[in-house]
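**Student:** This is the structure, below, for whatever I ask next.
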Amino acid sequence: MLEIIKKQDPELYESMYGEYTRQEDKLEMIASENYVSNAVLEAQGSVLTNKYAEGLPYGRSKKTGDIMYKKYGRYYGGCEWVDKVERLAMERACELFGAEHANTQAHSGSQANMGVYFSVLKPGDTILGMSLSHGGHLTHGAPVNFSGMLYNVIPYGVDEETGHIDYDALRELALEHKPKLIVCGASAYSRTIDFERIGSIAREAGALCMADIAHIAGLVAAKKHPLPFPHMDFVTTTTHKTLRGPRAGLIMCKKEFAKGIDKTIFPGIQGGPLMHVIAAKAICFKEAMSKEYSDYIDLVMINAKTLAKELTDLGFNIVSGGTDNHLFLVDLNNKDISGKKAETILNQAGITLNKNTVPKETRSPFVTSGVRIGTPALSSRGMGPAEMKIIAGYINQIISAPDDEELRVKIKAKVKQLCAKFPLWYK
Ligand SMILES: *Cc1c(COP(=O)(O)O)cnc(C)c1O
């Protein structure tokens, strides 16, 4: 691994290899992380990184706006091979998610969302988005993000008692404020999202609607979560979370919005596409169509349910009482420890996760009263329910004895042994 860098740049190598051993020796439970396949990794380290390919691998009919695959739409020569790569990625994305159109060039999830907003909104327009403190993403209208700066944001959230999205309140807000766009999807929400219901609320309120499936994309791809199309006008996602592809974004939309999305991504907000990353997206879409991947998503979900149940039995409060997907939030208010402290001491014992706000939060977002736990990465290593039970025990021991440094050293060694039974596959 990293043989050339090791010779050429030992200083950098030390840190890169250090990160590799961290990934191998620790329990990666950050819900938005995963381990990619060797094929996805190979594509990203390929010569496709050398190619400029501004534009798209096709032209459009002036009359209908329809894609005309025979006509050329690039600003640079020599795109004959990368054209094929990008078309594969686009076609596979449409097949996987049942979309009419896909633009595979967004560099990240945030840029995918910016692409949709800039294509249909003007500064000052009203949008409805899930608030960050209730599980939404920064780009759904947080004041510190461009979305909160440019638009008039009306936040919606969960019912603080049940932890489920309050759809009735969402509908009332939509009818009262008449937003141009309703954004759904979340970064820290463990329950099934009712796209059909949100789509019908949007139509009732005369709004467009977008689902940001960054977290649950893999579950949607494997058809283990209801599909956002045809209820949504736009669907955005990252490709690196449950979907297990390269670190990047993706926009899909109904045909009528295709032209606007394509123009907004380039030349609107991005320059040349990352063709090596688009190749890796094509690979991950193909992988996500396989039986193996479907089994993987089953394992992710069984593991999340098992871990949530074990922690409940050990006296932990799981927000909303459980999980329908790959993650859940633990409310630590009954454990006399902040999310920040829990994150720190668990990491010292080789368990990596992140602090997270919980409903009725009283602490700042830098401290918080909870943690978010996800199972996508551990499941990619092949860990199953038996390992989840062991890990729940470790988490309980550490949280119950926050001052016991020796205990953390002991558990760290056990964690390393457990990880060694499920080795990573990178050469
Ligand atoms: C992770 C995430 C994003 C942003 O993705 P980046 O690639 O980090 O920009 C957007 N929306 C949601 C819901 C996310 O969870």
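**Student:** From the phi angles alone, apply the Karplus equation (6.51, -1.76, 1.60; θ = phi - 60°) to segment 284-292 and give each ³J(HN,Hα) in whole Hz, x where the residue is Gly or Pro.
**Tutor:** 5, 5, 5, 4, 6, 8, 8, 4, 4
**Student:** Take the alpha-carbon centre of segment 245-277, take the same for segment 125-163, and report the distance between them in whole Å.
**Tutor:** Using only Cα atoms to place each centre, the spacing works out to 23 Å.
**Student:** Modelled label-to-label distance, Glu42 and Tyr76, 7 Å Cα→beta-carbon offset: nm?
**Tutor:** Here the answer is 2.4 nm between the modelled labels.
**Student:** What is the extension gain from Glu54 to Arg203, computed as 0.36 nm multiplied by their sequence separation minus the C-alpha to C-alpha distance, in nm to one decimal?
**Tutor:** 50.1 nm
**Student:** Something else about it: Expected output is a single nm value to one decimal: the length gained when fully extending between Lys63 and Ala420, i.e. 0.36 nm times separation in residues minus the C-alpha distance. What is it?
**Tutor:** So the chain would gain 122.5 nm between Lys63 and Ala420.
**Student:** Now a separate question. Would you calculate the separation in nanometres between label points at Lys223 and Arg247, each defined as 7 Å from the Cα along the Cα-to-beta-carbon direction?
**Tutor:** So the two model labels end up 3.4 nm from each other.
**Student:** Which order do the peptides 77-83, 89-95 come out in when sorted by mean C-beta neighbours inside 10 angstrom, highest first?
**Tutor:** Ranked from most to least packed, the peptides come out as 89-95, 77-83.
**Student:** On to the next question. Sticking to Cα atoms, compute the Rg of segment 255-400 to one decimal and its Dmax as the biggest Cα-Cα distance, whole number, in Å.
**Tutor:** Taking only Cα atoms of segment 255-400, I get Rg and Dmax of 19.4, 56 Å.
**Student:** Which of the three applies to segment 39-287, rounded, prolate or oblate, going by the alpha-carbon gyration tensor with a ≥ b ≥ c and a/c under 1.5 meaning rounded?
**Tutor:** Verdict is prolate for segment 39-287.
**Student:** Still on this model: Just to confirm, what accessible area per residue do you get for segment 229-291 at 1.4 Å probe, in whole Å²?
**Tutor:** About 32 Å² of surface per residue is accessible.
**Student:** State whether segment 168-289 is rounded, prolate or oblate according to the following rule on the C-alpha gyration tensor (a ≥ b ≥ c being the square roots of its eigenvalues): a/c under 1.5 gives rounded; otherwise a/b larger than b/c gives prolate, and the remaining case gives oblate.
**Tutor:** oblate
**Student:** How big is the antiparallel share of DSSP beta bridges in the chain, given as a percent to the nearest 5?
**Tutor:** Once the DSSP bridges in the chain are tallied, antiparallel ones form about 60 percent.
**Student:** Using each residue's phi in segment 392-408, evaluate 6.51 cos²θ - 1.76 cosθ + 1.60 at θ = phi - 60° and report the 3J(HN,Hα) Karplus result to the nearest Hz, with x for Gly and Pro.
**Tutor:** Per-residue couplings from phi come out as 4, x, 4, 4, 4, 4, 5, 5, 6, 9, x, 9, 8, 5, 4, 4, 5 Hz.
**Student:** In terms of modelled amide H atoms, which long-range or inter-chain residues lie less than 5 Å from the amide H of Thr126?
**Tutor:** Asn152, Lys180
**Student:** Given a 1.4 angstrom probe, I'd like the percentage of the accessible area of the chain that is carbon and sulfur, rounded to a whole number.
**Tutor:** 54
**Student:** Among 313-323, 184-194, how do they line up by average Cβ neighbours within 10 Å per residue, starting with the highest?
**Tutor:** The peptides rank, most packed first, as 184-194, 313-323.
**Student:** Here is a follow-up. For Lys305, list the aspartates and glutamates whose Cα falls under 19 Å from its own Cα; do not include residues on the same chain fewer than 8 positions away.
**Tutor:** Correct list for Lys305: Glu28, Glu33, Asp295, Asp313, Asp324, Asp331, Glu387.
**Student:** Also, quick follow-up: Binning at 10 angstrom from zero up to the longest distance, how are the C-alpha pair distances of the chain distributed in percent?
**Tutor:** The percentages, shortest bin first, are 5, 21, 30, 26, 14, 4, 0, 0.
**Student:** How about Lys241: which lysines have a C-alpha closer than 17 Å to its C-alpha, ignoring those fewer than 8 places off in the same chain?
**Tutor:** Reachable lysines: Lys223, Lys224, Lys281, Lys286.
**Student:** Provide the per residue accessible area, probe 1.4 Å, for segment 294-420, rounded to a whole number of square angstrom.
**Tutor:** For segment 294-420, the solvent-accessible area averages 40 Å² per residue.
**Student:** Please work out how much accessible surface Val36 shows to a 1.4 Å probe, ignoring ligands, DNA and RNA, in Å² rounded to 10.
**Tutor:** 20
**Student:** While we're here: Between His164 and Arg22, what's the calculated FRET efficiency when r is the beta-carbon distance and R0 is 30 Å? Round to 0.05.
**Tutor:** 0.25
**Student:** Okay, moving on. Name the residue, out of Leu227, Leu27, Leu175, whose mean-square fluctuation peaks in a Gaussian network model built on the chain with Cα pairs under 10 Å.
**Tutor:** Leu175
**Student:** List the residues whose amide H sits under 5 Å from the amide H of Tyr58, counting only those 5 or more places along or on another chain, with H placed 1.01 Å from N in the peptide plane.
**Tutor:** For Tyr58, the qualifying residues are Gly73.
**Student:** Which of the lysines could be linked to Lys254 by a straight reach, that is with a Cα gap under 19 Å, when you skip same-chain ones fewer than 8 residues away?
**Tutor:** Candidates past the 8-residue exclusion: Lys62, Lys63, Lys180, Lys263.
**Student:** Give the residues of segment 384-417 whose amide nitrogen is closer than 12 Å to a point set 7 Å from the Cα of Lys341 in the direction of its Cβ.
**Tutor:** Counting backbone N atoms under 12 Å from the label point, the list is 399-404.
The values are calculated or read from the model by the stated rules, or taken from the named source; none is laboratory data. Not measured: the values here are computed from a predicted model. In this analysis, Cβ positions are derived from the backbone assuming ideal geometry, glycine residues included, and neighbour counts consider all displayed protein chains. To get the accessible areas, we keep the full protein, side chains included, count just its heavy atoms, and leave off ligands, DNA and RNA. Shrake-Rupley method; radii C 1.70, N 1.55, O 1.52, S 1.80 Å.
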